[in-house]
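These notes are about the structure you will find just below.
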Amino acid sequence: QVQLVESGGGLVQAGDSLRLSCTASGRSFSTYAMGWVRQAPGKERELVAAISWNRLRTYYLDSVKGRCAISRDNAKNTVYLQMNSLQPEDTAIYYCAGGQSSYPRGPYDYWGQGTQVTVSS
């Protein structure tokens with residue numbers, strides 16, 4: 001029903017920046033809460049950042065506060081994650097997720113395929 005496609009990942013050095021993008025299909029994007037979830041090998045997945053449908057509320061994982069910023073452009077059906085001062089601990093597959101929720105953290109019903117972020121030291 002809803003398709004999410006991520007892009008923008010890659011291999012960077014510690015201290016570098018990346019901006020991830022997620023583009024959604026469908027006409028209901030503007031009603032969706034959106035988030036970025038990451039999973040590193042051997043670790044549980046964790047919510048990195050989230051934003052409400054009206055952009056009034058955001059959430060950030062403690063370890064990325066001050067380094068990351070989530071934003072969205074509803075006219076483009078796109079959500080972004082700007083990541084600065086990247087560290088090796090940020091290495092993971094980053095997934096875009098969305099759901100028709102009043103709360104930025106979900107629940108999420110739709111998931112992208114993921115984009116790999118690798119940070120070398």
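The values are calculated or read from the model by the stated rules, or taken from the named source; none is laboratory data. Everything numeric here is computed off the predicted structure, so don't read it as measured data. For neighbour counting, all protein chains shown are included, and Cβ atoms are generated from backbone atoms with ideal geometry for every residue, glycine included. These area figures cover heavy atoms from the full protein model, side chains too; ligands, DNA and RNA do not enter into them. Shrake-Rupley method; radii C 1.70, N 1.55, O 1.52, S 1.80 Å.
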- Task: With the full set of protein chains in place, find how many percent of the accessible area of segment 1-83 is carbon and sulfur; take the probe as 1.4 Å.
- Result: 45
- Query: Which whole-number value in Å² is the accessible area per residue of segment 1-111, probe 1.4 Å?
  - Reply: 53
- Query: For a label point 7 angstrom out from the Cα of TYR103 toward its Cβ, which stretches of segment 52-81 have the backbone nitrogen within less than 18 Å?
  - Reply: 52-62
- With Cβ to Cβ distances under 9 Å as the rule, what net charge do the other residues near LEU47 carry (K, R +1; D, E -1)? +2
- Message: Return the equivalent ellipsoid semi-axes of the chain as a descending list in whole Å, where each equals the square root of 5 times an eigenvalue of the C-alpha gyration tensor.
- Response: 23, 14, 13
- Query: Dipole magnitude of the chain about its Cα centre, charges +1 at Lys/Arg Cβ and -1 at Asp/Glu Cβ only, in debye to the nearest 20?
  - Reply: 360
- Message: Could you tell me which residue out of SER85, GLY8, ALA33 lies farthest along the dipole of the chain toward its positive end? Charges go on the beta carbon: Lys and Arg +1, Asp and Glu -1, centred on the Cα centre.
- Response: ALA33
- For segment 86-94, in residue order, the Karplus 3J(HN,Hα) values (coefficients 6.51, -1.76, 1.60; θ = phi - 60°; whole Hz; Gly and Pro = x) are 5, 10, x, 5, 7, 4, 4, 8, 9
